[in-house]
Amino acid sequence: MPAAPTWYHARTPAPPPRPPLRETVDARICIVGGGLAGLATALSLAERGETPVLLEAARIGSGASGRNGGMASTGLTRPLDWLRRRCGPETARRMYAASRDALRLIRRRIATYAIACDPVDGVLEASWFDAGDELREEVERLNREFDMRLEYWPREKLREFYRSPRYHDGILDPEGFHLDPLALTRGYAAAVEARGGRIFEDSPVLRCRRRGDGFEIVTGDGRVRAERLVLCPNVYGPVCCPRLARAMLPVISYVIVTEPLGDRLAEAVRAPYAVFDDRMATGYYRPLPDGRLLWGGRVAMFERRRGIAELMRRDLAEVYPQLAGVPVAHAWSGRMGFVRHKMPVIGRIAPGLWVAAGFGGHGLNTTTMAGELLARGLVEGDRDWEPFAAFGLPWAADGIGRLVAQGYYWAYGLRDRTLSLWMGIREGLAKARSK
């Protein structure tokens, strides 16, 4: 687990640790990875009467699932138009609809299992770029095609509630929500166990091999003999699947949580929704229940260990000058797992071997979506996972790939900054002419 504690870990005592695997266990289905993808798969299986065994290398929620921004909204990392071009309109529609169904499933599970994760309705996309007509048309299209309730927010309304000179227009997804992702992760784990599933912490997989028609998965002190194996890593694939490990690209993001800001927060943020913007290296934030502000963003291939708080505080002041110099209580980093095509890979990749990976950038809802798709495939023979598996596991080129990706993000960051500067100048000139 990364050394820097998160606000999520600090606010709620950890549950008692689960023992590591110290025996030989037989299971129909073994899951490797105790983040939201692995736990959602285990829970979807348990809800269908299965009793999966799950192995986690550290503690439940110690990776990205317990360190992210906590926002869940409809969609995937790739936009709908990209999906249409790549997959065709009908397949894209089904994939997008599956992500929306996952939001509803998360809500049902929070209620069913009484998961205390502080959900708050509403996720807002705020545009740094002057694209009002395009955003309005996108809202109309999505509402028409998916019976959604998206709201287009013109610039005047957006800046009334989010008092930043950087913003233009926006889109509110009232069906989206934000919550404590670590609490959700721990709640999923408790629900799995309540339904008969078994979870072993501090049980990193050392090796695995085919054993007849199934698999033998070996940890330091135990082993699982399973008919089916499901791999749910975040960044680095387990040793038993080098192909998966070579496909995963670690992308670093940073988060701070301020001290309670009192009335000062209302100088900038006057609505309860979570917010993200449309830059390549998106910024994201949300007000917290005790008057703090969670602020995240940046994209990097190589992790910095120092100066996170000051770096993110500068980013905050760029969007909200009125919040310059706010005191920071917690600062941390997290690693997201990306595949080169930026889509999650979900499904069977070899006989008996299944995978759910690559959720970076849009993982809170799509991990639950993946769990449902895998469980339906494993138990019911459903094949709705196939469009996701079709994206494959292209090689990430190891260190070279990380350098190329870093250059890519730097270039797009420069583009975003240049466009934002030009639009600010244009807006200023328009105001001057109107006087």
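The values are calculated or read from the model by the stated rules, or taken from the named source; none is laboratory data. Please read all numbers here as calculations on a predicted model, not as lab measurements. Because the Cβ atoms are built from the backbone with ideal geometry, glycine has one as well, and the counts that use them run over all protein chains shown.
Say whether the condition of being on the phi > 0 side of the Ramachandran plot, touching a Pro at 6+ places or on another chain (Cβ under 7 Å) and not hydrophobic (A, V, I, L, M, F, W, C) is met by at least one residue in segment 100-121. Working first, answer last.
Narrowing segment 100-121 to residues on the phi > 0 side of the Ramachandran plot: 114, 118.
From what's left, touching a Pro at 6+ places or on another chain (Cβ under 7 Å): 118.
Next, from what is left, pick out any that are not hydrophobic (A, V, I, L, M, F, W, C): 118.
Within segment 100-121, one or more residues are on the phi > 0 side of the Ramachandran plot, touching a Pro at 6+ places or on another chain (Cβ under 7 Å) and not hydrophobic (A, V, I, L, M, F, W, C).
Do any residues in segment 295-315 that are touching a residue at least 60 places away in the same chain (Cβ under 8 Å) and under 17 Å from Val275 (Cβ atoms) have Cβ atoms under 7 Å from those of residues that are buried (at least 18 other Cβ atoms within 10 Å of the Cβ) and of a type in the set (Val, Ile, Thr), where the two are at least six apart or on different chains, and which pairs are they?
Here the result reads Gly296/Val255, each pair linking segment 295-315 to a residue that is buried (at least 18 other Cβ atoms within 10 Å of the Cβ) and of a type in the set (Val, Ile, Thr).
Among the residues in segment 8-15, are any small (Gly, Ala, Ser), in a loop (DSSP other than H, G, I, E, B) and either at pLDDT below 95 or surrounded by fewer than 17 Cβ atoms within 10 Å (Cβ to Cβ) (or both)?
Yes, segment 8-15 has at least one match.
Hey, among Arg298, Arg286, which residue is part of a strand (DSSP E or B), crowded, with 21+ Cβ neighbours inside 10 Å and not acidic (Asp, Glu)?
Working: Arg298 fails: crowded, with 21+ Cβ neighbours inside 10 Å.
None of the other options fit; the residue is Arg286.
Checking Val355 against (1) within 24 Å of Tyr96 (Cβ to Cβ); (2) in a loop (DSSP other than H, G, I, E, B); (3) not basic (Lys, Arg), which single condition isn't satisfied?
So Val355 meets the others, but not (2).
Does segment 311-318 contain any residue that is more than 23 Å from the chain's Cα centre (by Cα) and among the charged types (D, E, K, R)?
Of the residues in segment 311-318, the ones more than 23 Å from the chain's Cα centre (by Cα) are 314, 317-318.
Remaining after also requiring among the charged types (D, E, K, R): 314, 318.
Yes, that holds for at least one residue.
Of the numbered conditions (1) surrounded by fewer than 19 Cβ atoms within 10 Å (Cβ to Cβ); (2) under 19 Å from the mean Cα position of the chain (by Cα), Gly291 fails exactly one; give the number of that condition.
Unmet for Gly291, out of (1) surrounded by fewer than 19 Cβ atoms within 10 Å (Cβ to Cβ); (2) under 19 Å from the mean Cα position of the chain (by Cα): (2).
Among residues belonging to segment 194-252 that are aliphatic (A, V, I, L, M) and part of a loop (DSSP other than H, G, I, E, B), point out the one that is farthest from Ala357 (Cα to Cα). Reasoning before the result, please.
Filtering segment 194-252 down to residues aliphatic (A, V, I, L, M) leaves 194, 199, 205-206, 217-218, 224, 226, 229-231, 235, 239, 244-245, 247-249, 251-252.
Checking which are part of a loop (DSSP other than H, G, I, E, B) leaves us with 205-206, 235, 239, 248.
Working: Val205: 17, Leu206: 19, Val235: 8, Val239: 15, Met248: 8 Å.
Per the criteria, the residue is Leu206.
What are the residue pairs meeting all of these: first residue in segment 129-148, first residue touching a residue at least 12 places away in the same chain (Cβ under 8 Å) and under 24 Å from Ala98 (Cβ atoms), second residue assigned to a helix (DSSP H, G or I) and hydrophobic (A, V, I, L, M, F, W, C), Cβ atoms under 9 Å, and 6 or more apart or on different chains?
Glu138/Leu80; Leu142/Leu80; Glu145/Leu80; Phe146/Ala97; Met148/Val139; Met148/Leu142
Here are the criteria: (1) more than 19 Å from the chain's Cα centre (by Cα); (2) hydrophobic (A, V, I, L, M, F, W, C); (3) under 21 Å from Leu39 (Cβ atoms); (4) buried (at least 19 other Cβ atoms within 10 Å of the Cβ). Tell me which single one Ile115 does not satisfy.
(1)
Restricting to segment 61-99, what's the tally of residues that are basic (Lys, Arg) and either in contact with a His (Cβ under 7 Å, 6 or more places away or on another chain) or buried (at least 21 other Cβ atoms within 10 Å of the Cβ) (or both)? Even if it seems obvious, please write down each step before you answer.
First, pick out the residues of segment 61-99 that are basic (Lys, Arg): 67, 78, 84-86, 93-94.
From what's left, either in contact with a His (Cβ under 7 Å, 6 or more places away or on another chain) or buried (at least 21 other Cβ atoms within 10 Å of the Cβ) (or both): 67.
Going through segment 61-99 one residue at a time, the tally reaches 1.
Kindly list the number of the only condition in (1) crowded, with 21+ Cβ neighbours inside 10 Å; (2) farther than 19 Å from Gly69 by Cα; (3) of a type in the set (Val, Ile, Thr) that fails for Thr366.
Only one criterion in (1) crowded, with 21+ Cβ neighbours inside 10 Å; (2) farther than 19 Å from Gly69 by Cα; (3) of a type in the set (Val, Ile, Thr) is unmet by Thr366, namely (2).
Would you call Arg304 among the charged types (D, E, K, R), assigned to a loop (DSSP other than H, G, I, E, B) and in contact with a Pro (Cβ under 8 Å, 6 or more places away or on another chain)? Quick ask: steps written out before the conclusion?
Details: among the charged types (D, E, K, R): yes; assigned to a loop (DSSP other than H, G, I, E, B): yes; in contact with a Pro (Cβ under 8 Å, 6 or more places away or on another chain): no.
For Arg304, the condition - among the charged types (D, E, K, R), assigned to a loop (DSSP other than H, G, I, E, B) and in contact with a Pro (Cβ under 8 Å, 6 or more places away or on another chain) - is not met.
Examine segment 68-80 for a residue that is part of a helix (DSSP H, G or I), touching a residue at least 40 places away in the same chain (Cβ under 8 Å) and in contact with a Phe, Trp or Tyr (Cβ under 7 Å, 6 or more places away or on another chain), and state whether such a residue exists. Full working, then the answer.
First, the residues of segment 68-80 that are part of a helix (DSSP H, G or I): 80.
Okay, now just the ones that are also touching a residue at least 40 places away in the same chain (Cβ under 8 Å), so 80.
With in contact with a Phe, Trp or Tyr (Cβ under 7 Å, 6 or more places away or on another chain) added as a condition, the list becomes 80.
Among the residues of segment 68-80, at least one is part of a helix (DSSP H, G or I), touching a residue at least 40 places away in the same chain (Cβ under 8 Å) and in contact with a Phe, Trp or Tyr (Cβ under 7 Å, 6 or more places away or on another chain), which makes the answer yes.
Taking Pro19 and the conditions (1) farther than 24 Å from Glu303 by Cα; (2) in contact with a His (Cβ under 8 Å, 6 or more places away or on another chain), which numbered condition does it fall short on, given that it satisfies the others?
For Pro19, the exception is condition (2).
Go through (1) under 18 Å from Leu179 (Cβ atoms); (2) at pLDDT 95 or above one by one and return the number of the condition Pro52 breaks.
That leaves (1) as the condition not met.
Looking at segment 106-127, which of its residues are at pLDDT 95 or above and either assigned to a loop (DSSP other than H, G, I, E, B) or in contact with a Cys (Cβ under 9 Å, 6 or more places away or on another chain) (or both)?
Correct list: Ile110, Tyr113, Ala114, Ile115, Ala116, Cys117, Asp118, Pro119.
Among Ala37, Ala42, which is the only one that is outside any loop (DSSP other than H, G, I, E, B), under 16 Å from the mean Cα position of the chain (by Cα), among the hydrophobic types (A, V, I, L, M, F, W, C) and under 21 Å from Ala191 (Cβ atoms)?
Numbers: Ala42 fails: under 16 Å from the mean Cα position of the chain (by Cα).
Unique residue meeting the criteria: Ala37.
From the list Val205, Val192, Val224, Val230, which residue is touching a helix residue (DSSP H, G or I) at 6+ places or on another chain (Cβ under 7 Å), buried (at least 18 other Cβ atoms within 10 Å of the Cβ), over 28 Å from Ala92 (Cα atoms) and among the β-branched types (Val, Ile, Thr)?
From the options Val205, Val192, Val224, Val230, the qualifying one is Val192.
Check Gly371, Gly347, Gly334 and return the single one that is under 21 Å from Ala102 (Cα atoms), in a strand (DSSP E or B) and of a type in the set (Gly, Ala, Ser). Give the steps one after another, and end with the answer.
Working: Gly371 fails: in a strand (DSSP E or B); Gly334 fails: under 21 Å from Ala102 (Cα atoms).
The conditions single out Gly347.
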